[in-house]
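Participant: Dumping the structure here so I can ask a few things about it.
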Amino acid sequence: MIKRFLVFVFSGIAWIASSSIFAQTSTINEVLQCTIKPGYSVDEIVTVGRAIPRNENGPNLVFYREPIVANPSRAGSINVVRHWDNFEHMIRGLESQTPSGPSRHFFTMVDCAGTRAVARVMGGITEQGQGNPYQGGDVDLSYVAMRQCELKPGNDMQDVQRVLRDFDQENRQPGDRSGFGFLQMIASGQEGLMNSSFIIRIIGQNPTNFAKRLDSQAWNVPQDSDPAICGNLSLWRSHVIHWGN
């Protein structure tokens, strides 16, 4: 059951990293789903995003993610993903933001209104020292694979955590430094059962490492004994915007 479930849910929505390197610096992830306005490209938005100044209250990490294989509704959009220590850090950061030339320009290029959501990073999956997404900040781009899931009645996040941990320990190939983990959705505008949604995600050490991770996986049919029901796999190109604490 463990292998079948994990192969099926193998990743999630374009959000947040829960490998050891991210778990050390952040406990929550904030995401904005932004529509790109006509006349602008992802490359232009990435360039402007990297120019936005960030103070001591700012997020630990920032990524912009563009859909490669995703729901057609996400065409012409990006996800802005920001990592924070906790809610206090996030609110302090939001309150202390001072508009700058680049930040004003950014919001002339995209529309992110009403799309903020927050997830809790669930640790204890990838063993310390194994995961190394983005080569520890030495590359500006990698890829992310994700699936969005919903717990079945009678199961909890600890069940998911155990299954994912066992799968990663049993199936990680030599040289695989991708980050593997999941995030529990705790705040959004979406309706649904409280705290029952989560996202399983793989983040590549680099594009080549990510592709090898995908190629090494078997793809099985979900089983009735799985602790959750998950949607289809989505793939995203992930740009490093800010690599801080």
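Participant: Go through segment 143-154 and report how many residues are crowded, with 22+ Cβ neighbours inside 10 Å and more than 12 Å from the chain's Cα centre (by Cα).
Facilitator: 1
Participant: A follow-up question, please. Can you pull out the residues in segment 117-138 that are in a loop (DSSP other than H, G, I, E, B) and either loosely packed, with under 15 Cβ neighbours inside 10 Å or under 14 Å from the mean Cα position of the chain (by Cα) (or both)?
Facilitator: Gly123, Gly124, Glu127, Gln128, Gly129, Asp138
Participant: Moving to a separate point now. Hey, can you tell me all the residues within segment 228-242 that are assigned to a strand (DSSP E or B), touching a Phe, Trp or Tyr at 6+ places or on another chain (Cβ under 9 Å) and modelled with pLDDT under 95?
Facilitator: Result: Ala228, Cys230.
Participant: Oh, and also: How many residues, within segment 70-93, are under 14 Å from Arg54 (Cβ atoms) and either exposed (fewer than 15 other Cβ atoms within 10 Å of the Cβ) or touching a helix residue (DSSP H, G or I) at 6+ places or on another chain (Cβ under 6 Å) (or both)?
Facilitator: Qualifying residue count, segment 70-93: 1.
Participant: Moving on. Being without any contact (Cβ under 8 Å) to a residue 12 or more places away in the chain and not acidic (Asp, Glu) is the filter; apply it to segment 82-96 and report the residue that is farthest from Trp243 (Cα to Cα).
Facilitator: By that ranking, first place goes to Ile91.
Participant: What pairs come out if I take residues in segment 150-178 that are touching a residue at least 40 places away in the same chain (Cβ under 8 Å) and of a type in the set (Gly, Ala, Ser) and pair them with residues that are surrounded by 14 or more Cβ atoms within 10 Å (Cβ to Cβ) and in a loop (DSSP other than H, G, I, E, B) whose C-beta lies under 7 Å away, six or more apart or interchain?
Facilitator: Ser178/Gly131; Ser178/Gly204; Ser178/Gln205
Participant: Turning to a different aspect of this structure: Restrict the check to segment 57-69 and report whether at least one residue is within 19 Å of Leu141 (Cα to Cα), charged (D, E, K, R), buried (at least 16 other Cβ atoms within 10 Å of the Cβ) and in contact with a Gly (Cβ under 9 Å, 6 or more places away or on another chain).
Facilitator: There is no residue in segment 57-69 that is within 19 Å of Leu141 (Cα to Cα), charged (D, E, K, R), buried (at least 16 other Cβ atoms within 10 Å of the Cβ) and in contact with a Gly (Cβ under 9 Å, 6 or more places away or on another chain).
Participant: Okay, moving on. What are the residues in segment 178-195 that are farther than 20 Å from Phe87 by Cβ, touching a strand residue (DSSP E or B) at 6+ places or on another chain (Cβ under 7 Å) and not in a strand (DSSP E or B), if any?
Facilitator: Ser178
Participant: So, one more: In segment 139-175, what residues are in a strand (DSSP E or B) and more than 20 Å from Gly231 (Cβ to Cβ)?
Facilitator: Residues satisfying the conditions are Leu141, Ser142.
Participant: Quick one: Asp215 ticks every box in (1) without any contact (Cβ under 8 Å) to a residue 24 or more places away in the chain; (2) part of a loop (DSSP other than H, G, I, E, B) bar one, so which box is it?
Facilitator: (2)
Let's see how each residue does on (1) under 17 Å from the mean Cα position of the chain (by Cα); (2) surrounded by 14 or more Cβ atoms within 10 Å (Cβ to Cβ):
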site: Asp156; (1), (2): no, no
site: Gly181; (1), (2): yes, yes
site: Ser197; (1), (2): yes, yes
site: Ile202; (1), (2): yes, yes
site: Leu214; (1), (2): yes, yes
site: Gln217; (1), (2): no, yes
site: Asp224; (1), (2): no, no
site: Ile229; (1), (2): no, no
site: Asn232; (1), (2): yes, no
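Participant: While we're here: Just for segment 81-94: of the residues that are over 18 Å from the mean Cα position of the chain (by Cα) and of a type outside the set (D, E, K, R), which one is nearest to Gln33 (Cα to Cα)?
Facilitator: The residue in question is Leu94.
The values are calculated or read from the model by the stated rules, or taken from the named source; none is laboratory data. Everything quoted here is computed from the prediction, not taken from an experiment. Ideal geometry is used to build each Cβ from the backbone, glycine not excepted, and the neighbour counts take in all protein chains shown.
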